[in-house]
Amino acid sequence: MKQLTLAVLFTLLMAACSEAQAPLAASDVVVTQSVPGMRMSAGYFKLTNNSAQSINISHVTSPQFASVEMHETIIKDEVARMVPLQVLTLQPGETVSFEPGGKHLMLMRPGNDFDSVTLQFFAGEALLLSVNTDFDR
Ligand SMILES: [Cu+2]
């Protein structure tokens with residue numbers, strides 16, 4: 001009986017640890033090559049809220065680019081256009097995909113010489129997540 005209690009406690013502790021580890025997680029992170037002459041790349045990924053509260057991403061930055069914006073592609077009058085996404089809200093447990101033709105990052109004005117890109121996700125002043133991905137020029 002005592003052994004069983006310990007096993008349950010251990011399991012609970014492990015669950016608590018993994019929860020505390022990463023309230024926000026990113027996977028399948030891709031930053032595309034910039035189109036020649038455009039000096040602009042797109043960023044795609046999946047973002048998951050592992051916490052019990054909703055998360056509001058206010059902006060994303062990258063040390064390798066002077067400007068990063070969250071965009072959403074919408075179709076209006078059969079014309080696709082991009083609109084800035086002011087805030088990205090993730091409900092508890094929700095995963096949102098940034099993908100071609102939908103939500104995406106626009107990364108503008110790259111610096112010189114880098115072979116990986118860092119994306120930093122912010123909620124106001126708070127840095128929630130920093131991820132790296134390869135970038136082959
Ligand atoms: Cu865009």
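Considering only region 81-88, I want to know if a residue exists there that is under 14 Å from the mean Cα position of the chain (by Cα), without any contact (Cβ under 8 Å) to a residue 60 or more places away in the chain and in a strand (DSSP E or B). Checking region 81-88: at least one residue is under 14 Å from the mean Cα position of the chain (by Cα), without any contact (Cβ under 8 Å) to a residue 60 or more places away in the chain and in a strand (DSSP E or B). Looking across region 33-53, the residues that are closer than 20 Å to Pro100 by Cβ and in a strand (DSSP E or B) come down to Met40, Ser41, Ala42, Gly43, Tyr44, Phe45, Lys46, Leu47, Thr48.
Inside region 114-137, can you point out the residues that are within 10 Å of the chain's Cα centre (by Cα), buried (at least 16 other Cβ atoms within 10 Å of the Cβ) and of a type in the set (Gly, Ala, Ser)? None - no residue of region 114-137 is within 10 Å of the chain's Cα centre (by Cα), buried (at least 16 other Cβ atoms within 10 Å of the Cβ) and of a type in the set (Gly, Ala, Ser), so the list stays empty.
Here, each number is a calculation from the coordinates, and none is a lab measurement. As the structure is a computational prediction, the values presented were derived from the model and not from experiment. Glycine gets a Cβ as well: all are built from the backbone with ideal geometry, and neighbour counts include every protein chain shown.
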